[in-house]
Amino acid sequence: MNVGLFIPCYVNQFYPNAAKATLELLQKSGVNVVYPVKQTCCGQPMANSGFEHLSKECNDLFIKNFSAFDYIVGPSASCILHIKEHLHSDKNEEQAAAIRTKVFELVEFLTDVLKIEKLDAVFPHKVGLHHSCHGLRGLYLSQMSELNAPAFSKPQYLLNMVKGLEQITLDRPDECCGFGGVFCISEEAVSVKMGKDRVTDHLKNGAEYITSSDLSCLMHLEGILHRNKSSVKVIHIAEILNATI
Amino acid sequence: MTFHVSRFKLRHYQNNSNMNTREKILEAVLKNQPPTTALPDITMFKGNSIDLIQKYMDIFKTIGGSSFLVDDIAAVKILISENFDTAKRIVTTLPELSDRFELISAAANPRSYDDIELAIIKAHFSVAENGAVWLAEEVMGQRIIPYICQHLAVIVHAESIVPTLHEAYEKIGAGDYDFGAFISGPSKTADIEQALVLGAHGPLTMTVFILK
Amino acid sequence: MSQTKTKDHAALAAAFIKDEERVDWHDGALWYIREKRDIAAKQIPEWEELREAASMIKSNVISNLHEYLLQFEANLKKNGVMVHWADNAQEHNEIVYSILKAKEISQMVKSKSMLTEECHLNEYLEEHGIEVINSDLGEYIQQIDNEPPSHIVLPCIHKRKEEIGELFHEHLGTEKGLSDPTLLTRVARKHLRNIFLTRRGALTGVNFAVAETGEYVVCTNEGNADMGAHLSEVQIASMGLEKLIPQKKHLGIFLRLLARSATGQPITIYSSHYKKPREGQEMHLILVDGGRTRQLGRPDFRESLKCIKCGACMNTCPVYRKSGGLSYHNTISGPIGAILAPNLDMEKHADLPYASTLCGSCSNVCPVKINIHEQLYKWRQVIVKEGYAANTKALGMKTMAWTLSSPGKFTTAGKAGRWFLHNIPFVVNNKFNPWYKQRDMPEGPRESFAEWFIKNKE
């Protein structure tokens with residue numbers, strides 16, 4: 001199988017280490033990974049703000065870059081969900097439809113497609129898992145607390161394979177962090193309050209690291225942690241799963 | 001098929017040039033409603049009949065009510081004299097209790113029942129999953145009775161307890177009543193800082209006597 | 001097109017959040033209710049099947065609403081109930097007034113009805129010489145404080161008991177400083193009892209209206225709806241068109257879901273089924289459109305009419321919990337309010353679909369499975385298309401689209417952004433950058449991933 005590596009715009013610019021870890025993880029799992037260098041963005045920032053109609057060129061560029069692959073994998077639940085639900089094209093709808101079925105977030109690709117059962121990863125720290133809402137309720141990476149349904153968690157399944165890692169238990173396991181795209185700017189006060197409350201929950205329960213499938217959430221939480229001079233760090237789940245001594 | 005019928009109905013509204021609000025609304029509804037979707041089959045929803053009496057009593061207790069499992073009306077009389085101030089006005093719909101307590105008159109002015117301390121009435125059946133009793137107006141004496149009294153006591157037969165509301169509505173059917181109610185405990189409110197207070201505008205307490 | 005109004009959700013929320021201790025208390029109170037819902041839901045193994053059934057029943061209702069309205073009306077009349085139709089708030093209020101005037105009633109007692117809040121009924125009646133008292137304790141408190149309810153089930157959830165005590169001291173003559181909830185409730189009980197006993201007119205809302213039998217159900221914990229109705233000479237019920245359900249047996253589904261979703265109770269204390277008037281009493285029912293038929297005609301948003309007004313979406317919504325219902329400037333607030341309000345007044349409520357992170361929690365606690373978070377996303381597209389987005393937002397978006405549609409422009413912009421962050425951070429880290437107010441910006445790495453890849457891997 002050949003896999004197209006999709007690195008979201010802000011991950012590309014601000015969190016290249018998470019992108020490198022994603023690439024390495026996939027390669028270590030024996031996957032033939034190609035990174036189309038001319039990719040930009042999935043179009044979510046526009047669409048999320050109500051400007052879906054402006055993301056057409058972005059969509060076509062995405063289709064152009066990625067339609068040749070068996071799978072498209074990216075380390076961002078919200079971007080992957082956006083493509084799954086909203087990738088359309090006036091010129092290439094057939095290709096868009098095909099892409100919507102073969103686009104995967106990293107965690108679900110590892111558990112559902114590659115079906116990995118072990119990892120050579122070591123990360124001897126206390127880790128708080130932040131469920132990004134798009135990953136949780138959109139991609140169904142874990143069971144959400146709202147439903148009366150059997151428990152499961154793909155990210156936790158993978159984290160359990162990492163030696164030395166201790167997962168903390170949160171008071172509110174899946175409350176939103178408050179990033180929300182345009183929301184983080186247009187409703188700054190609520191956004192920050194929501195982020196602070198999440199940080200408090202992790203701190204209270206002993207997290208040394210906060211991890212997630214979504215760097216937008218982590219970027220937001222990190223901004224709050226740094227401003228408050230906290231020693232707690234954020235780290236994308238790819239970097240944990242790829243971590244060695 | 002549906003489309004043609006709707007068109008016919010729509011033309012009816014449009015031909016009526018002096019359209020009043022009723023016609024205007026109905027026309028708008030007909031025009032805007034989507035194609036019909038089917039009702040679900042709900043026959044698979046049912047409870048089980050295990051330990052119904054205990055289930056009912058446990059739930060009723062958590063809601064703040066008191067319940068007693070009794071053998072007969074004589075036992076009820078004793079419990080009432082033990083738990084309530086019989087010097088105050090006590091009314092009932094039960095002829096068996098009329099030697100002790102005032103029988104409710106369906107014709108009396110409802111306001112005349114303002115001062116009743118306790119009302120003792122009978123329910124048709126009760127529901128285990130939520131502690132409720134079902135009362136149609138005919139067993140209330142008057143509609144206001146179960147709400148206006150300071151304390152409410154309800155007698156219900158043990159074998160009439162049903163597991164869930166699904167069985168309850170099967171029992172009620174279309175219902176030949178002018179008014180009916182599920183009542184599941186003493187009136188309450190938590191409007192002030194979510195602090196639970198028993199006794200809002202309805203009765204302060206509710207007691208259920210389950211007759212074996 | 002017009003700019004958003006000055007007091008929008010963001011501004012009102014920011015003001016609410018200033019008092020962090022109060023926000024934490026408000027947030028905690030509502031989260032506790034969400035947790036009670038969870039406990040109740042998990043005690044019913046068939047909970048998700050119940051939600052699905054309720055959702056399908058309500059879809060059947062909105063797709064056959066015409067037929068059910070006619071059936072309901074016919075049965076109401078058979079039962080001796082007088083039926084009225086109101087297109088909008090004004091008509092509704094006029095109808096209530098004329099019913100009361102015909103019997104020379106000048107004082108009315110009212111139980112909870114969000115519809116009458118939408119219609120501003122109390123103000124209308126007061127202007128026309130009719131006194132109205134809200135009998136639900138939370139609504140009574142809001143009434144004496146001259147404030148609308150902040151939550152559809154818990155009207156004064158945002159008030160501390162000391163504030164309520166102060167209101168009672170001012171309006172009911174209680175001792176200054178008295179704030180014990182039980183004692184305050186007892187005072188209200190006594191005061192409102194006198195109201196119930198003397199009011200000849202009573203108005204209630206409608207939780208569920210059964211087309212099959214022409215009866216309607218009113219759910220309360222306090223017993224206030226019944227205290228008003230059964231002592232009145234004239235009883236009025238105000239109802240939105242969408243409150244219908246097809247058959248009696250469907251009440252089993254909805255009454256099992258309603259209170260558990262709202263507060264975690266298995267059922268409200270009272271579920272009163274009103275069918276026919278008492279001997280010598282008049283019973284009226286007013287069917288109100290108030291924008292509902294217009295929403296019915298919106299394919300993307302008509303599902304919002306399935307709502308049974310439980311408030312579960314408000315209790316779970318982190319934005320609602322941390323900003324308060326009054327910051328939504330609409331009778332119905334929270335997530336469901338944000339998808340109902342733009343239909344009523346798109347200009348006034350253009351900000352509400354943006355008062356959300358689209359986290360999806362609301363859709364998953366909704367007992368009738370309304371896809372609230374998807375409708376919030378779709379409303380944003382409509383609001384922009386209709387021209388209600390702020391002009392600055394449109395300009396910013398066009399620039400972003402232009403940059404992101406070209407690999408070359410994107411690389412340049414990214415490089416530039418990181419360079420500024422790294423070398424001249426104050427250009428970005430200043431008070432004009434809303435992100436920066438309470439959060440640090442991410443660091444600007446030397447190389448983007450693409451640059452590293454091209455250098456090392458190609």
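Things to note:
- Answer from A:LEU159, A:LEU147, A:LEU141 - the residue that is within 14 Å of chain C (Cβ to nearest Cβ), touching a residue at least 60 places away in the same chain (Cβ under 8 Å) and touching a helix residue (DSSP H, G or I) at 6+ places or on another chain (Cβ under 9 Å): A:LEU141
- Test: A:SER231 is out of contact with any Gly (no Cβ under 6 Å at 6 or more places or on another chain), hydroxyl-bearing (Ser, Thr, Tyr) and open to solvent by 20 Å² or more (accessible area, probe 1.4 Å): yes
- Taking the conditions (1) of a type in the set (S, T, N, Q); (2) within 12 Å of another protein chain (Cβ to nearest Cβ); (3) in contact with an Asp or Glu (Cβ under 9 Å, 6 or more places away or on another chain) in turn, A:SER76 satisfies each one other than (2).
- If you go through the stretch C:335-365 and keep only what is touching a residue at least 60 places away in the same chain (Cβ under 8 Å) and open to solvent by less than 10 Å² (accessible area, probe 1.4 Å), you end up with C:ALA350, C:LEU352, C:ALA355, C:VAL365.
- Residues that are part of a strand (DSSP E or B) and surrounded by 20 or more Cβ atoms within 10 Å (Cβ to Cβ) were ranked within the stretch C:119-136; the one that is farthest from the chain's Cα centre (by Cα) is C:VAL132.
- Selection from the stretch B:95-115 of residues that are within 14 Å of another protein chain (Cβ to nearest Cβ), part of a loop (DSSP other than H, G, I, E, B) and not acidic (Asp, Glu): B:ILE104, B:SER105, B:ALA106, B:ALA107, B:ALA108, B:ASN109
- Tallying residues that are touching a Ser or Thr at 6+ places or on another chain (Cβ under 8 Å), modelled with pLDDT under 75 and either buried (at least 20 other Cβ atoms within 10 Å of the Cβ) or among the aromatic types (Phe, Trp, Tyr) (or both) within the stretch C:366-409 yields 4.
- Qualifying residue in the stretch A:175-187 (condition: open to solvent by 40 Å² or more (accessible area, probe 1.4 Å) and part of a helix (DSSP H, G or I)): yes
- Subset of the stretch A:1-39 that is assigned to a strand (DSSP E or B) and open to solvent by 20 Å² or more (accessible area, probe 1.4 Å) - its residue that is farthest from the other protein chains (Cβ to nearest Cβ): A:ASN2
- Per-region count, the stretch A:109-143, residues open to solvent by less than 10 Å² (accessible area, probe 1.4 Å) and part of a helix (DSSP H, G or I): 4
- Among the residues making up the stretch C:344-394, those that are closer than 30 Å to C:GLU48 by Cα, among the polar types (S, T, N, Q) and within 11 Å of chain A (Cβ to nearest Cβ) are C:SER356, C:THR357, C:SER361, C:SER363, C:ASN364.
- Of the helices (runs of 4 or more DSSP H) lying entirely inside the stretch C:229-339, those carrying at least 2 residues that are among the hydroxyl-bearing types (Ser, Thr, Tyr) are C:318-323.
- Flag for A:GLU52 being farther than 14 Å from A:PHE6 by Cβ, at pLDDT below 95 and out of contact with any helix residue (DSSP H, G or I) (no Cβ under 6 Å at 6 or more places or on another chain): no
- Being within 29 Å of C:HIS26 (Cα to Cα) and either open to solvent by less than 10 Å² (accessible area, probe 1.4 Å) or within 11 Å of chain C (Cβ to nearest Cβ) (or both) is a description that does not apply to A:HIS236.
- With respect to the stated conditions, C:ARG189 fails to be under 15 Å from B:PRO110 (Cβ atoms) and either part of a helix (DSSP H, G or I) or more than 9 Å from every other protein chain (Cβ to nearest Cβ) (or both).
- B:ALA190 vs. criteria among the small types (Gly, Ala, Ser) and under 29 Å from C:ILE152 (Cα atoms): yes
- Each residue in the stretch A:144-164 was checked for being within 16 Å of the chain's Cα centre (by Cα) and either assigned to a loop (DSSP other than H, G, I, E, B) or charged (D, E, K, R) (or both), and 1 of them qualify.
- Check on C:LYS249, more than 22 Å from the chain's Cα centre (by Cα), closer than 16 Å to B:LEU165 by Cα, facing chain B (nearest Cβ under 7 Å) and among the charged types (D, E, K, R): yes
- When the stretch B:122-136 is filtered for residues that are surrounded by fewer than 24 Cβ atoms within 10 Å (Cβ to Cβ) and either part of a strand (DSSP E or B) or in contact with a Gly (Cβ under 7 Å, 6 or more places away or on another chain) (or both), the ones remaining, listed by number, are B:LYS122, B:PHE125, B:GLU129, B:ALA136.
- If you go through the stretch C:445-457 and pick out every residue that is closer than 18 Å to C:PHE410 by Cα, of a type outside the set (D, E, K, R) and either in a helix (DSSP H, G or I) or more than 7 Å from every other protein chain (Cβ to nearest Cβ) (or both), you end up with 5.
- Qualifying residue in the stretch C:151-164 (condition: in contact with a helix residue (DSSP H, G or I) (Cβ under 9 Å, 6 or more places away or on another chain), open to solvent by less than 10 Å² (accessible area, probe 1.4 Å) and not in a loop (DSSP other than H, G, I, E, B)): yes
- Residues that are under 12 Å from B:THR205 (Cα atoms) and of a type outside the set (A, V, I, L, M) within the stretch B:137-152 comprise B:PRO146, B:TYR147, B:CYS149, B:GLN150, B:HIS151, listed in sequence order.
- Of the listed requirements (1) crowded, with 23+ Cβ neighbours inside 10 Å; (2) at negative phi; (3) touching a residue at least 24 places away in the same chain (Cβ under 8 Å); (4) facing another protein chain (nearest Cβ under 9 Å), B:LEU118 misses just one: (4).
- Residue list for the stretch C:158-186, filter: among the hydroxyl-bearing types (Ser, Thr, Tyr) and more than 9 Å from chain B (Cβ to nearest Cβ): C:THR174
- Filter result (within 20 Å of B:GLN33 (Cβ to Cβ), crowded, with 19+ Cβ neighbours inside 10 Å and among the aliphatic types (A, V, I, L, M)) within the stretch C:63-109: C:LEU65, C:LEU69, C:ALA86
- Scanning the stretch C:270-323 for residues that are facing chain B (nearest Cβ under 8 Å), open to solvent by less than 10 Å² (accessible area, probe 1.4 Å) and under 30 Å from B:TYR177 (Cβ atoms) gives C:TYR270, C:SER271, C:SER272, C:HIS273, C:TYR274, C:LEU287.
- Residue that is nearest to the other protein chains (Cβ to nearest Cβ), among those in the stretch C:192-205 that are open to solvent by less than 60 Å² (accessible area, probe 1.4 Å) and either of a type in the set (Val, Ile, Thr) or farther than 26 Å from C:VAL234 by Cβ (or both): C:ILE195
The values are calculated or read from the model by the stated rules, or taken from the named source; none is laboratory data. The shown structure was predicted, so the numbers you read here are calculated from the model rather than taken from an experiment. Cβ sites come from the backbone with ideal geometry, for glycine too, and all protein chains shown count toward neighbours. Ligands, DNA and RNA are stripped out before the accessible areas are found, and what is left, the full protein with its side chains, is counted by its heavy atoms. Shrake-Rupley method; radii C 1.70, N 1.55, O 1.52, S 1.80 Å.
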